[in-house]
Amino acid sequence: MTKPTRSTDTRADQADIQAVSRVSQILSLFDPATPEVTAAEVAERLGLNRTTAYRYCTSLVAAGLLERSNEGGYAPGGLLLQLGAFAIGHRRVVNLAPRHMQALSRATQTSVVLSLWGLTGPVVSRVEENVSTIVVVSVRVGSHLPLDTAQSKVFLAYHADQLSMERLIGTLSGTARDELRADVDRVRAVGHCSAMSTPGIVAVAAPVFDEYGICATIAIVGPDNTLAMGDDTPELRVVVDTARELTAELGGHYRPDDIQRAV
């Protein structure tokens, strides 16, 4: 039996390193302005032939790092989102939030959701369920929230990279794009957001800031027959107070208060 030579081992190691590097390059193509890519786009942007790009993409789908979109392209997969949620779960806000979330859940009799910004939108990082009612409304940790949710609109309003946020909004169709822009402008004007992205379920969200800017959103979720979407509801005031308290604990500046001082 012929033993592998040192040069053979070296070439194999180099091939493995190149494959890992290539996977990293493909995953780095995703950003708020590029929520999905095609194999042809991967080939063009990375200088690969299409067969090689397709092979890499299908392998990443099999590994759970990518998934096929309805349009035939590739988007971040469940494993990638899970890893992202795990990584952002170590951030300071996630460690400080539970006490505030528990108090908010008790005060409003609703479930509380903490979301952090992921690749192309908010990712649910912690949930405090309200188990005091027969029907429990909850959200799965690791879920990637659509752009029409209250949490997304808050992030779009206060994210530091507004150029990327505008590109992300621009991926929508005409009517949806205009409606979202109007909603985001309103968030900037009032400092919070209430929305019903799922029929029958209302979310009321407010921003949380650390010393660098918006770092999370905190929201309560519940049925529309028990949770209203007005600007003067008691539940909304508790959400805003909680976001303000968590911001202070993080050493951040609660930007919506600037609106009130300017009025």
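Among Gly73, Thr171, Ile214, which residue has its Cα furthest toward the positive end of the charge dipole of the chain, with +1 on Lys/Arg Cβ and -1 on Asp/Glu Cβ?
Gly73
How much FRET efficiency would the formula 1/(1 + (r/R0)^6) give for Gln82 and Ser132, where r is the Cβ-Cβ distance and R0 is 41 Å, rounded to 0.05? Could the numbers behind the result be given before it?
On the way: r = 29 Å, r/R0 = 0.72.
With a Förster radius of 41 Å, E is 0.90.
Looking at (i) 1.07; (ii) 1.04; (iii) 1.00, which value of Rg/Rh (Cα atoms, Kirkwood Rh) comes from a calculation on the structure shown?
Of the listed options (i) 1.07; (ii) 1.04; (iii) 1.00, (i) comes from this structure.
If one takes the longest principal axis of the Cα atoms in the chain, at what angle in degrees, from 0 to 90 and to the nearest 10, does the Cα axis of helix 234-249 lie?
In the chain, helix 234-249 runs at an angle near 60 degrees to the longest axis.
Report, in debye and to the nearest 20, how large the dipole of the stretch 186-263 comes out about its Cα centre when Lys and Arg carry +1 and Asp and Glu carry -1 on their Cβ.
About 240 debye.
Quick one: helix 92-108 against the long Cα principal axis of the chain, what's the angle to the nearest 10°, folded into 0 to 90?
Helix 92-108 sits roughly 40 degrees off the main axis of the chain.
Just by accessible area at a 1.4 angstrom probe, what is the order of Ile201, Ile218, Ile17 from largest to smallest? Intermediate results must be reported in sequence, preceding the final value.
Working: Ile201 50, Ile218 0, Ile17 115 Å².
My answer, sorted largest first, is Ile17, Ile201, Ile218.
How tilted is helix 78-88 with respect to the longest principal axis of the chain? Cα atoms for both, answer in degrees (0 to 90, nearest 10).
Value to nearest ten degrees: 60.
For Cα pairs less than 8 Å apart in space and 6+ apart in sequence, what is the mean separation divided by the residue count of the stretch 204-263, i.e. the relative contact order in percent?
Worked out over the stretch 204-263, it gives 41 percent.
Calculate the spin-label point distance for Ala103 paired with His253, positioning each point 7 Å from the Cα along the beta-carbon direction, and give it in nanometres.
2.5 nm
Out of the stretch 159-263, which chymotrypsin sites (Phe, Trp or Tyr not before Pro) are coil in DSSP terms and have no more than 16 other C-beta atoms within 10 Å?
Sites meeting the loop and neighbour criteria: Tyr212.
How would Ser197, Ser125 rank on accessible area, largest to smallest, probe 1.4 Å?
Ser197, Ser125
Under the Karplus relation 6.51 cos²θ - 1.76 cosθ + 1.60, θ = phi - 60°, what is the ordered set of whole-Hz ³J(HN,Hα) values for the stretch 41-49, x standing for Gly and Pro?
Once θ is set to phi - 60°, the couplings for the stretch 41-49 become 5, 4, 4, 5, 6, 9, x, 9, 7 Hz.
Once you mark the GluC sites (Glu not before Pro) that are in a DSSP loop and have at most 10 other Cβ atoms within 10 Å, what is the longest gap between them in the chain?
Answer from the scan: 72-210.
Keeping every protein chain present and rolling a 1.4 Å probe, give me the accessible area per residue for the stretch 129-263 in Å².
Each residue of the stretch 129-263 exposes 49 Å² on average to a 1.4 Å probe.
To the nearest 500 deg cm²/dmol, what mean residue ellipticity at 222 nm is calculated for the chain from DSSP H runs of n ≥ 4 alone, each contributing -39,500 (n - 2.57), summed and divided by the residues?
-15500 deg cm²/dmol, from helical runs alone.
For the chain, give the magnitude of the charge dipole about the Cα centre (Cβ charges: +1 Lys/Arg, -1 Asp/Glu; no others), in debye to the nearest 20.
Dipole about the Cα centre, nearest 20: 820 debye.
The values are calculated or read from the model by the stated rules, or taken from the named source; none is laboratory data. Keep in mind it's a predicted model, so treat the numbers as computed, not measured. Positions of Cβ are backbone-derived with ideal geometry, glycine not excepted, and every protein chain shown enters the neighbour counts. All accessible areas refer to the heavy atoms of the entire protein, side chains included, with ligands and DNA or RNA removed. Shrake-Rupley method; radii C 1.70, N 1.55, O 1.52, S 1.80 Å.
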